[in-house]
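Every read-out reported here was derived from the displayed coordinates using simple, explicitly stated rules and does not represent laboratory data. Since the model is a prediction, treat every value here as computed from it, not as a measurement.
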Amino acid sequence: MATKNKASDAVPAVGDFEELTAQNVKVITTALQANSETLDKIVLKFTSLACHVTALEALLSEVVKITGVDLVQVNSLIRSRIKAVDGDLADSNVVVDIAAALASPAIKRSL
């Protein structure tokens, strides 16, 4: 014959709650440590990217001093490339401003 569960049988003991809490804290701690390690790797990659961009800007600046640049053509190319990739969602003005700043020491003058 089957016995009915008493209400006290359905409620876990206090020790079970403490064990469950300890397990949850351990799982959360492990997840946070993994996220921290991932974030550290992302920061290192962004730092490397920033170093590369800085180096490329310096090199490009020197090339522009020697060769000059047609900013009208550069701006047109920037706008068409951004539109092809992002449609009208991206603001190409920021990129155009960056290009102008990089080219400013030696803007090619057309007469």
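Points to keep in mind about this one:
- Across the stretch 37-54, rounded Karplus estimates of 3J(HN,Hα) from the backbone phi angles (6.51 cos²θ - 1.76 cosθ + 1.60, θ = phi - 60°) give 5, 5, 4, 4, 5, 5, 4, 4, 5, 5, 5, 4, 4, 4, 5, 5, 4, 4 Hz, Gly and Pro being marked x.
- The Rg/Rh ratio for the stretch 24-106 is 1.24, where Rg is the radius of gyration of the alpha carbons and Rh is the Kirkwood radius.
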